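Have a look at this one.
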Amino acid sequence: GSSFGTQLGTGVTFTGGPGGDSITIGATTKAITPGAGDDTVTVATTALGSGGSVDAGDGTDTLSMTAANAISASSATTFEGVISGFERLSVGAVAAGSCSITVGNCSAGSLSQAVKLNFAVIKAVAA
């Protein structure tokens with residue numbers, strides 16, 4: 001699989017192969033398709049750019065986000081319309097206090113369409 005040390009550029013299209021790819025994207029305006037394999041896509045923003053999408057494909061794929069980005073993305077329905085095919089959600093450290101990330105069954109404004117959640121990792125609660 002492919003692994004890049006830096007975030008893919010906004011206008012870069014990525015098509016992975018059968019191995020496990022590990023990529024980071026921002027407000028991409030292109031189609032990102034990691035392909036078959038156990039892939040990890042880190043989304044470093046709360047929304048993709050106009051025309052941007054991610055389809056994880058086959059395998060056990062992980063969508064990774066900071067807690068703040070996951071909270072923001074889960075509060076709107078636009079994110080779930082452009083992200084698909086993930087089975088796992090990995091969320092960074094959550095600040096002390098309340099945190100609500102919606103991954104409920106087909107509820108409006110949730111990540112449920114993006115992540116068919118089989119497993120979630122929430123790193124820690126910061127004091």
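How large are Rg and Dmax for the stretch 10-58 when only the alpha carbon atoms are used, in Å?
10.1, 28
Compute the length gained on full extension between Phe4 and Glu87: take 0.36 nm times their separation in residues and subtract their Cα-Cα distance, giving the result in nm to one decimal.
Full-extension gain reported as 27.7 nm.
Students often get this wrong: which residues of the stretch 52-91 have the backbone nitrogen under 15 Å from the point 7 angstrom along Cα-to-C-beta of Thr13?
Taking a point 7 Å out along Cα→Cβ of Thr13, the residues of the stretch 52-91 whose backbone N falls under 15 Å are 52-55.
Going from most exposed to least, what order do Val82, Val41 have by accessible area with a 1.4 Å probe?
Largest accessible area first, the residues go Val82, Val41.
Still on this structure, please answer the following. What FRET efficiency comes out for Thr29 versus Asp58 if R0 is 22 angstrom and r is the Cβ-Cβ distance? Round to the nearest 0.05.
The calculated FRET efficiency here is 0.35.
Out of the stretch 1-80, which chymotrypsin sites (Phe, Trp or Tyr not before Pro) are coil in DSSP terms and have no more than 15 other C-beta atoms within 10 Å?
Phe4
Using the heavy atoms of the protein chains and a 1.4 angstrom probe, tell me the accessible area per residue for the stretch 1-81 in square angstrom.
Per-residue accessible area for the stretch 1-81 comes out at 43 Å².
The values are calculated or read from the model by the stated rules, or taken from the named source; none is laboratory data. For clarity, every value in this text was computed on a predicted model and none was experimentally measured. Heads up, the Cβs are rebuilt from the backbone with ideal geometry, glycines too, and the neighbour counts pull from every protein chain shown. The area values use the complete protein model at the heavy-atom level, side chains included, leaving out ligands, DNA and RNA. Shrake-Rupley method; radii C 1.70, N 1.55, O 1.52, S 1.80 Å.
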